[in-house]
Amino acid sequence: DCVKFSIVGQKQPYNVFISSNSLLLMDYHCHLSTEEVYGYLGGKWDHNKLTLHVKNVFPCSLNNPSDQMECTLLQNKIRELIAQQDMTVIGWYHSHPTSSPRPSQHDIVCQSVHQQHMRSLDGRIDPCLGVIVSPFRGQSPVSDMQLFCVMHTNDGRPVPMHLEYTCVWDSTISPELATEMRAMSILYAHQESGVKFDQHWRNNINLFTKMTESLKQKTPKDVSEDRFVDVMRQIVARED
């Protein structure tokens, strides 16, 4: 399990802020597949104020997840998109579809590598945020989510540390975001691992209702629940 900084007598080294639409898109992406998915976090690191702002997320939606060339090309494209939006890569996320969001040993190693890549020109290592989303675990329709970083003990042992965050609420779900979500829905609908939202989940509700119950927790406050559900129905509707 991740260790809280308070347990080891320390304060969290920086404050984390995440836009509600970033939380929404991460959770949505992780609901689209029964297999692990991942993506990158774009935003800003303020060294003076010790604040990390996640402003957007960039899902790695692949036609063939096992195609290494496609994966590398998409990663390079995402890094270009993040730079074009005057942001930097400040973290990554991935899903544990049916298991706990507790970081595995592989996750801890990957997070350590990502953190090493965040070394700035002056030698300082800027923060790198790791996020794990577990959409289909437990009885609650709301996804479990874990934010973490890795610290090393004096003997070099990596320890996953729990990070708290504050949600920064967006005013609306933009047409661009809805278009991106629709494109992702179409892509995953043609994959064997794609989630069939009309199928039963549990507690007499289907997977669409389960997903929307989770996403409602990240929906802008000025978007009514009924309106949000209607938008989501359009986004995940099957093509004729």
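The values are calculated or read from the model by the stated rules, or taken from the named source; none is laboratory data. The structure presented is a predicted model; accordingly, all values stated were derived computationally and were not measured. No Cβ is skipped: glycine too gets one built from the backbone with ideal geometry, and neighbour counts run over all protein chains shown. Side chains are part of the model used for accessible areas, which takes the heavy atoms of the whole protein and leaves out ligands, DNA and RNA. Shrake-Rupley method; radii C 1.70, N 1.55, O 1.52, S 1.80 Å.
Quick notes on this one:
- Computed from point charges on the beta carbon alone (+1 for Lys and Arg, -1 for Asp and Glu), the dipole magnitude for region 151-239 about its Cα centre is near 240 Debye.
- Solvent-accessible area per residue for the chain (1.4 angstrom probe, square angstrom): 54 Å²
- Of 49, 218, 196, the one that fluctuates the most in a GNM where the chain has Cα springs shorter than 10 Å: 49
- DSSP finds beta bridges in the chain, and of those with both partners inside it, around 70 percent are antiparallel.
- Average Cα contact separation per residue, the chain, under 8 Å, 6 or more apart, as relative contact order %: 24 percent
- Heavy-atom accessible surface of the chain: percent carbon and sulfur, 1.4 Å: 50 percent
- Taking the Cα centre of region 96-208 as reference, the dipole from Cβ charges on Lys and Arg (+1) and Asp and Glu (-1) amounts to some 300 debye.
- GNM flexibility winner over the chain from 172, 72, 51 (Cα, springs under 10 Å): 72
- For region 147-240, relative contact order (Cα pairs under 8 Å, six or more residues apart, normalised by length) works out to 26 percent.
- Here the chain is treated with +1 on each Lys and Arg Cβ and -1 on each Asp and Glu Cβ, and its dipole about the Cα centre works out to around 560 debye.
- Max mean-square fluctuation residue, GNM over the chain, Cα-Cα springs under 10 Å, options 230, 155, 170: 155
- Positive-end residue of 175, 219, 160, charge dipole of region 160-240 with Cβ unit charges: 160
- Theoretical ellipticity at 222 nm over the chain - DSSP helices of four or more residues, -39500 (n - 2.57) apiece, nearest 500: -10500 deg cm²/dmol
- Among the listed pairs 55/218; 4/218; 55/221; 55/210, those beyond 20 Å (Cα-Cα): 4/218; 55/210
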